[in-house]
Structures are given as C-alpha cells and as structure tokens.
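What follows is a short report on a single structure.
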Amino acid sequence: MKVYDEDFENVAAGSEPVLLSSYKGASGETYTADPAWLQDCNGWVLNKADSAGFGQGLSECQDAFFWDELRDITAGIGSYEGLPVPASNHAVAGFTKNQAVPVDAVEFRTVEPIPLGSANRFLTAAVTSGAGNCNLVGPRLQFDLVDGTTEYPVTDEPINPCTDTDRKEYPGVQSPVFVVHKAADKPKLYPGTSVGVVMRNAETTPVGNDAAFDDIQVLDVTPQVDKSFSPSPVAVGATSTLTFTVTNTSDLLAKQGWSFADHLPPGLTVAGTAKPTTSCTNGKVAATAGGTSVGLSGDLDAGQASCTLSVDVTSGTAGTYRNCADNTSDLVGVLPPACATVVFDTPHYEITKTANPAAGSSIAPGTKVAYTVVVRNTGTLPVDATAVDDLSGVLDDAVYDDADASSGTVTYAAPKLSWSGTLQPGQSATVTYSVTVNTPDTGDRKLHNHVTGDRHSNCLTGSEAGCISDLTVGGLVVSKTADASSAEPGQRVTYTLKVTNPNGSTYPGATVTDDLTNVLDDATWGNDATTTSGTVTYAAPVLSWTGDVPAGRTVTITYSVTADNPDIGDHRLDNTIVGPAGSNCAAGSSDTDCSTHGKVAPSPSPSASPRPSPSPSPSPNPAPLPNTGGKPLIRYAGLAAALALAAGILLTAVVRRRSRS
C-alpha cells in the first residue's frame with residue numbers, strides 16, 4: 001500500500017527544467033540532495049518534450065549529446081509507465097559529467113516528514129530508475145527511512161536498472177535505455193508516526209552512472225492477520241482450533257519481529273489441552289489452559305507467503321462467538337483481522353412417527369398397519385441418533401411383520417424395534433415396519449406404541465406429540481329388523497340383517513348367524529334369503545352369512561318366514577343374531593339391535609250354537625297321517641279339530657229337524 005508517492009509532475013506545461021531543490025510537490029513537499037547531486041549535469045527535473053536546447057543543462061553537460069541522452073532516459077521511463085506521450089514524463093536526471101560523487105552522498109531527501117496512519121508498520125521505499133550507457137556502469141540506489149534524526153536502512157541489494165532481471169529496454173540516442181521499478185528489499189518495522197526518505201547512489205564513478213529516477217514511494221508492506229475456527233459448529237465442551245494466518249504482502253520480503261495479542265470473546269476459553277502450534281519462523285504461541293487471551297509472535301522469511309499460529313479453544317455454553325479486530329491488541333507489524341465466528345452447539349434431531357391407517361383410526365382384524373419413523377438431523381452438528389419403538393401395547397393384538405431403513409441399522413428384539421445411525425446436518429433416515437392385526441383379535445383391541453430417542457431428540461419420554469401412535473381395533477355393527485312385529489296366521493314376515501363396517505379398513509371374513517329355532521315353531525322358512533355381498537346359506541334352523549365388509553360399507557341380508565295357519569306354537573317370533581367377536585352382537589351380547597321379538601295372532605274360534613245339543617259319543621281316534629315333510633304334530637292337531645267341528649254341525653242339524661217334527 002502506498003503511503004507516499006512523488007511523480008515529479010507538479011510542473012506547468014511547457015516549463016523549463018528545474019533543480020530538485022527548487023521543485024515543489026503537489027502538496028507543497030520540498031526536497032533536497034547533497035551538493036554533488038545538484039551540479040555538474042545532475043539533479044534536473046525535466047521531460048524530453050520541454051527541455052530541448054535548455055542552456056544551463058547544455059552548459060553543465062558540456063555537450064548537447066549528453067543532455068539529450070538524459071532527455072531520452074526520462075522518455076524511456078515514460079514508456080515504461082505506459083504514458084500515451086512518453087516524452088511528457090518528468091523525472092530527476094543526472095549525468096555525473098566528469099565528477100566523481102562522494103561516497104554516501106544523498107541524491108534525494110524529503111524535507112518535510114510524511115505523516116503515517118499509525119506506528120509499528122513494516123515500511124520500505126521504491127523508485128522507478130532508468131539508465132543509459134549500461135555498457136559502462138549503472139546507478140546503485142539505496143534507501144533509508146528517517147525518524148527524526150534516526151535513519152533506518154531498508155536496502156540490502158541496491159537497485160540497478162542496468163542489471164535487474166525485471167528491467168525493460170527502450171531506444172536512446174547513444175545507447176539503449178533500461179528501466180525498472182523496484183522496492184528496497186529490507187522492510188523496516190517502523191516505530192514512528194511520520195517518516196522521511198533518503199536515497200543514496202552507492203555508485204560514485206563519473207564514467208557511466210548516467211541515469212534518472214521517478215516515482216519515489218513509501219510503501220506499507222505490513223502483513224495481514226486473519227482468524228479462523230475449525231471445526232465450526234462444534235459440540236459444547238469439545239474443542240475448535242483457532243488459527244491465525246499471517247499473510248505476507250505480494251513482494252514476499254522478509255518481515256521480522258511482528259507480534260500481537262488476541263482476547264477471546266466472553267464464554268470462550270483456551271482448551272484444557274491448548275495444543276499451541278506454529279509454522280512461523282521463530283513463532284511463539286503463549287496460551288494458558290482456561291485462559292481468555294493468547295500472545296502470538298514470529299517472523300516471515302523472504303519468499304514466504306504466509307505462516308500460521310494456532311491454539312485450541314472451547315466453550316461450555318451453546319452460542320455463536322465472534323472474534324473480531326476489536327479482540328486483538330498490541331499489534332506490532334501486522335494489520336488487524338476481520339471477524340471469525342465459531343458456533344458451539346448441542347446436537348439436535350427430530351423423530352416423527354406416522355401410521356397407515358392413520359393414528360386415531362379404527363381398524364378391523366386382519367389389517368396390516370404400516371408404521372413410518374423419520375429421524376432428521378435438525379441441528380448444526382453431526383449426530384449419532386437412536387430411535388426405539390416399544391411395541392408392547394401392540395403385540396397383544398397383532399404380530400410383527402418386518403422392518404427396513406433407508407440408512408443406519410434397524411433391529412428387532414421383541415417387543416422393541418431399534419434404529420441407530422449417524423446423520424449429518426439436514427440429513428434424515430426413514431424406518432418402515434409393519435404389523436398385522438390378529439383375526440380374531442383377543443387382545444385389548446388397542447394398538448398403542450411410542451418411539452423414544454436420546455437426550456438430543458424431541459421424543460425424550462415417547463409421550464410427546466408426534467412420538468405416539470394409537471389405533472383401535474374396531475368391530476362390526478350388526479342389526480336385525482322385521483317388517484312386522486305382529487303377524488296374522490298365514491302372514492309373511494320379512495327380516496333384514498345389516499352388517500356395517502365403520503372402520504377405516506376392510507373387515508375380512510366376517511360371519512353372522514341367525515338361529516330361527518324360536519321362530520319355526522310358529523312359522524315356515526321362506527327359502528328366499530338374499531345378500532348384497534358375501535354368501536348366505538341356510539341349514540335348518542340356522543341362517544349363516546360370511547364375507548368381507550369394505551371400510552365404511554354395509555352388507556344387507558334379507559329373508560322371510562310365513563306364520564303358520566293355524567299357529568299351534570307359542571305364538572312368539574323371537575330370535576337373536578350373533579356377529580363376530582368385537583361386534584355389538586358378539587356372543588352373549590345384550591344389545592337390543594341384535595334381536596327381534598314378534599308374535600302371531602291366535603287363529604279365529606268357531607261360532608257357538610244358540611241351543612247346543614248333547615254331544616255325541618266321541619269317535620275313536622283317527623289313524624295317524626303319514627309325515628310328508630311338514631310339521632307332523634300340527635297336521636294331526638288340525639285334522640282332529642276339523643273332524644270335531646264337522647260332528648258338531650251334524651248334531652245341530654239333527655236336533656233342529658226333530659224339533660220341527
């Protein structure tokens with residue numbers, strides 16, 4: 001970074017050359033040199049465009065050819081700097097005409113101190129130097145930085161445009177012009193807040209040493225410090241390495257003796273095992289376990305681009321910690337760093353559990369329930385996650401099928417299913433498994449289970465939302481109705497049975513039976529049973545239906561009986577249906593929807609005679625009728641009643657006839 005730059009262009013256009021001691025910079029800067037460099041064709045601020053035939057220059061150089069050679073050198077510097085009109089470039093020229101220069105004579109010196117932004121920076125000086133007659137000898141320029149009366153040399157190898165490997169060549173009147181821009185190669189860790197510049201030419205011979213200089217600069221070549229933490233984020237109580245990288249400037253010159261201190265932000269401390277390390281020459285890392293500051297120092301060798309110093313730090317509290325420029329102090333020879341951030345955190349992962357059919361559903365026996373557990377790393381750290389699903393509240397009603405996982409390891413040891421795996425931030429694993437509900441279900445008809453994780457999860461106890469699944473094994477709803485509660489002899493009565501599945505899954509293999517024993521003593525089977533699905537059969541005296549009942553659907557079964565005429569039974573049409581276990585009409589149920597209660601009206605009695613005659617002697621019992629597949633007792637009873645009625649009618653007629661005669 002340039003602290004100061006004098007280009008000697010604060011000259012009015014068309015102005016004649018002036019001596020260095022008479023020139024003023026753009027901000028009023030003034031300069032001087034030892035007398036030998038201000039006489040005998042030396043110390044002239046000139047450009048080629050405005051200096052042709054300048055009398056004093058011609059006189060001191062004693063030859064226009066020599067003067068013009070100086071003019072060519074200033075133009076060569078203009079070409080080096082890329083000016084569109086190289087001849088317009090001004091520089092300070094000297095031909096050392098017939099005059100040896102004293103050893104250590106100053107060719108350029110600033111008069112006023114140059115202010116600096118701060119002390120304790122690495123500084124050096126630079127110059128653009130051009131020379132002709134390099135076949136003889138070239139200049140050898142050396143710089144010192146001046147703090148009051150103290151001069152600090154910053155040059156090891158003098159700057160010589162005739163021999164520098166970075167030089168460029170341009171045409172001249174007598175010989176080629178060679179130009180190079182170069183910085184002094186030994187920067188100084190400068191203690192002051194202002195600086196002066198002295199440049200000497202170590203070459204004293206007048207034979208050759210014909211040159212010009214331009215663009216004298218003071219450069220701040222202070223290395224940059226940067227901070228970083230690794231890893232970040234890191235678990236609370238673990239360690240992160242705080243690394244300080246000291247980066248050299250592009251010149252890669254040696255920078256020796258820098259140092260600084262770093263104060264850790266509150267909550268951050270030096271780790272119990274600090275592990276101080278450095279790649280810096282003479283590097284030192286001063287840190288105490290549990291301390292809150294670190295001292296650092298070292299050197300950068302010539303050609304070294306950077307070096308590092310590091311120490312392990314830790315925190316017992318989760319948080320984000322910023323270590324910025326304000327955390328550094330006592331900076332000597334380094335520029336302050338930008339912020340570095342480290343996050344100390346605790347691992348976090350989230351478990352979610354779902355079921356299909358969904359939790360809260362009522363399901364039928366035989367249903368396959370598929371569970372899905374998703375384990376997701378919602379934190380900033382890798383996490384060794386676990387999930388355990390206790391199936392104790394499921395296996396009394398169902399059997400375990402199988403399990404699979406998208407990553408990690410899943411195992412089953414009744415009654416628990418377990419998963420474990422390492423998840424990176426944002427990564428998830430999906431665990432799937434299933435059970436099949438028993439048919440019939442003889443358990444508590446509840447599928448309750450919960451999943452738990454470790455202390456880093458949301459399912460600490462398994463009672464949290466999203467960690468539980470509850471399903472109910474529901475039964476069928478069965479009902480029976482009759483289209484008449486009272487029937488006349490000979491009347492047809494139609495029964496309707498309904499089997500409804502209110503659950504969220506198909507109920508397979510249901511069976512409903514209707515025992516007609518207490519009906520068929522008063523009625524005759526109609527042989528007309530129908531069903532909307534499944535299969536209905538009749539094997540006296542029991543009607544049976546079997547089939548699957550889809551979720552939310554109803555199966556309807558109908559049949560009829562005809563009341564006997566005459567009805568010699570108990571005149572009751574009572575029966576009860578029995579549905580599957582778990583239904584409202586399971587065996588032993590007292591649900592009124594499972595039964596129908598009807599009656600058959602008595603048969604009408606024969607009309608009585610106004611004057612009954614004595615009954616004739618009873619006829620002997622008739623022979624029994626053969627059984628033709630009907631009801632035998634009913635048939636014999638009916639026949640006897642008919643015969644008795646006929647005898648009564650005949651006896652009445654005889655009595656009437658006698659009475660008339």
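Only the coordinates and a few stated rules stand behind these numbers; no lab work does. Here the structure is a predicted model, which means the values were calculated and not measured. Cβ atoms come from the backbone with ideal geometry, glycine included; neighbour counts cover every protein chain shown.
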Inset, instruction - Apply the Karplus parameterisation 6.51 cos²θ - 1.76 cosθ + 1.60, with θ equal to phi minus 60°, to every residue of segment 220-237 and state each ³J(HN,Hα) to the nearest whole Hz, in sequence, with x for glycine and proline. - result: 8, 10, 6, x, 9, 9, 10, 10, 7, 10, 8, x, 7, x, 9, 5, 4, x
Inset, instruction - Could you please rank 244, 66, placing first whichever residue has the fewest other Cβ atoms within 10 Å of its Cβ? - result: 66, 244
Inset, instruction - Please report, in Å, the Rg and the Dmax of segment 349-473, where both are computed over Cα atoms only. - result: 14.3, 49
Legend entry - Stokes-Einstein D (µm²/s) once Rh is taken as the Kirkwood radius of the chain over alpha-carbon pairs, at 20 °C in 1.002 mPa s: 58 µm²/s
Inset, instruction - Sum up the charges of everything whose Cβ sits under 12 Å from the Cβ of residue 368, counting Lys and Arg as +1 and Asp and Glu as -1, but leave residue 368 out. - result: -2
Inset, instruction - When a/c is below 1.5 the answer is rounded, else prolate if a/b is larger than b/c, else oblate, so apply that to segment 414-526 with a ≥ b ≥ c taken from the square roots of the Cα gyration tensor eigenvalues. - result: prolate
Legend entry - Reach of residue 186 by Cα under 16 Å, taken over aspartates and glutamates that are not fewer than 8 positions away in the same chain: 144, 151, 156, 157, 220, 251, 299, 301
Legend entry - Euclidean distance of C-alpha centroids, segment 300-354 and segment 133-210, integer Å: 43 Å
Legend entry - Extension gain (nm, one decimal) between residue 574 and residue 149, 0.36 nm per residue minus Cα-Cα: 139.9 nm
Inset, instruction - Scan around residue 203 for amide H atoms under 5 Å from its own, H built in the peptide plane at 1.01 Å from N, and keep only partners 5 or more places away or cross-chain. - result: 140
Inset, instruction - Please determine, in degrees from 0 to 90 and to the nearest 10, the orientation of helix 64-80 with respect to the longest principal axis defined by the Cα atoms of the chain, where the helix direction is its Cα long axis. - result: 10 degrees
Inset, instruction - Run down the lysines and flag those whose C-alpha is under 18 Å from the C-alpha of residue 480, throwing out any fewer than 8 positions away in its chain. - result: 498, 599
Legend entry - 222 nm mean residue ellipticity, helices alone, for the chain (DSSP H n ≥ 4; -39,500 (n - 2.57); rounded to 500): -2500 deg cm²/dmol
Inset, instruction - Just check segment 2-220 against the gyration tensor rule for me: Cα atoms, a ≥ b ≥ c as the square roots of the eigenvalues, rounded for a/c under 1.5, and otherwise prolate or oblate depending on whether a/b exceeds b/c. - result: prolate
Legend entry - By average C-beta atoms within 10 angstrom, highest first, the peptides 86-95, 134-143: 86-95, 134-143
Inset, instruction - With a Förster radius of 60 Å, plug the Cβ-Cβ distance of residue 194 and residue 400 into 1/(1 + (r/R0)^6) and report the FRET value to the nearest 0.05. - result: 0.10
Inset, instruction - Name the residues whose placed amide hydrogens come within less than 5 Å of the amide hydrogen of residue 487, ignoring near sequence neighbours (fewer than 5 apart) on the same chain. - result: 599, 600, 601
Legend entry - Fewest-first sequence of 341, 596 by Cβ atoms within 10 Å of each Cβ: 341, 596
Inset, instruction - Would you work out if segment 224-344 is rounded, prolate or oblate? Take a ≥ b ≥ c from the square roots of the eigenvalues of the alpha-carbon gyration tensor; rounded if a/c is under 1.5, else prolate when a/b is larger than b/c, oblate otherwise. - result: prolate
Inset, instruction - Quick one: order 309, 145 by neighbouring beta-carbon count within 10 Å, fewest to most. - result: 145, 309
Legend entry - Among the listed pairs 2/182; 2/48; 97/182, those beyond 18 Å (Cα-Cα): 2/48; 97/182
